[in-house]
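The next block holds one structure in the form of structure tokens; read it before the comments.
Computed from the coordinates by the stated procedures, all read-outs in this text should not be read as laboratory data. Computed from a predicted model, the values in this text were never measured in an experiment. A quick note on method: Cβ atoms are made from the backbone with ideal geometry, for glycine too, and the neighbour counts reach across all protein chains shown.
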Amino acid sequence: EVYGILSRILSRYFLYFSKEHPHARIHEIETAHKQELTDEFSYGLRLDLLWSDGPWNYLTDHKFTYDFWNQTKLDTKGSGQTSKYFAVLKIKGYDVDKAMINQIRYRDRKSKPYEDNEMFRESAWTPTAAEQRNVLIEQVKLSRQIINHRKLPIEERRQSVTRSLGSAACDFCDFASICVASLRGEEIESDIETFFEKNTYGYNKQAMEPA
């Protein structure tokens, strides 16, 4: 069922994109990049789409969403990831002009099908030089914090952190079940061994460990 819904939405999106950008040229899809930020750290990423339309070169991040984001969410999540990717590509010498969040809604309406402009929304901007610099500085600072945290014995790690409980952090967290169980004093080690595995996503280790 999920595959059928996804196939239907993407088929419609591809038609929409071809109509909105008939002269678009695709340069990269799902490509991995790595860039040294300091002597200690490198940053790895996997971009969704790099393409051009007329004189503009776009770095696009696709986001499936139930409802379109408000401007605050666009600003914060865009700066949190897409602007960082944009900054890295600039360092690597890419001629990229704009970052873009491409929202694809999976929400359905029984009474009347949504129009294309109610299903798809492109939000493009050019990250400022200050924004590019700041997101990478904060990435290095965060990487140092993570490395130092991982050097601690496991019990010291647990003692040094606190939960941030609330809908913003917890609604879509994959670890909410064991977090709540731990909060209630329940044993969670067997659940961790049974239902979870170490992250093996390609660039995570590059992003977090010294270069």
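Test of understanding: given the chain, find the longest segment containing no GluC sites (Glu not before Pro) that are in a DSSP loop and have at most 13 other Cβ atoms within 10 Å.
No qualifying site falls inside 41-114, the longest such stretch.
Within a Cβ distance under 14 Å of GLY78, other residues only, what is the Lys/Arg minus Asp/Glu net charge? Can you show the working numbers first?
Details: positive: LYS63, LYS73, LYS77, LYS84, LYS98, ARG121; negative: ASP48, ASP61, ASP75, GLU122, GLU131.
Around GLY78, the surrounding residues sum to +1.
How high is the relative contact order of the chain, in percent, with contacts defined as C-alpha pairs under 8 Å that are six or more residues apart?
Working: 233 pairs, mean separation 45.0, N = 211.
That works out to 21 percent.
Quick one: of the DSSP bridges fully inside the chain, what percent are antiparallel, nearest 5?
Values: 22 of 30 bridges.
Around 75 percent antiparallel, to the nearest 5.
Considering every pair of different Cα atoms, what Kirkwood radius, in Å, is found for the range 1-136? Mind dumping the intermediate values first?
Numbers: mean 1/r = 0.0618 Å⁻¹.
With all distinct Cα pairs of the range 1-136 included, I get 16.2 Å.
SER177: net charge of surrounding residues, Cβ under 12 Å, Lys/Arg +1, Asp/Glu -1, itself excluded?
Details: positive: ARG184; negative: ASP174, GLU186, ASP191.
Overall, the nearby charge balance is -2.
Go through the range 21-26 residue by residue and turn each phi into a ³J(HN,Hα) via Karplus (6.51, -1.76, 1.60, θ = phi - 60°); whole Hz please, and just put x for glycine and proline.
9, x, 10, 5, 10, 8
Once a ≥ b ≥ c are taken as the square roots of the eigenvalues of the Cα gyration tensor of the range 57-211, is the result rounded (a/c under 1.5), prolate (a/b larger than b/c) or oblate (a/b not larger than b/c)? If you can, show how the numbers build up before the last one.
Details: a/c = 2.43, a/b = 1.26, b/c = 1.93.
Oblate shape, in that a/c is at least 1.5 and b/c is the bigger or equal ratio.
Exposed loop sites here are chymotrypsin sites (Phe, Trp or Tyr not before Pro) in DSSP loop states with at most 14 other C-beta atoms within 10 Å. What is the longest stretch of the chain lacking them?
Details: sites that count: TYR66, TYR106, TYR114, PHE172, PHE175, PHE196, TYR201.
The answer is 1-65.
May I ask you to evaluate 6.51 cos²θ - 1.76 cosθ + 1.60, the Karplus curve with θ = phi - 60°, for each residue of the range 95-110 and list the ³J(HN,Hα) values in order in whole Hz, giving x for glycine and proline?
8, 10, 9, 9, 8, 9, 9, 9, 8, 10, 7, 9, 5, 10, 9, 6
At 222 nm, what helix-only mean residue ellipticity would the chain give, in deg cm²/dmol to the nearest 500, using -39500 (n - 2.57) for each DSSP H run of four or more?
Values: 10 runs with 92 residues, N = 211.
It comes out at -12500 deg cm²/dmol, rounded to the nearest 500.
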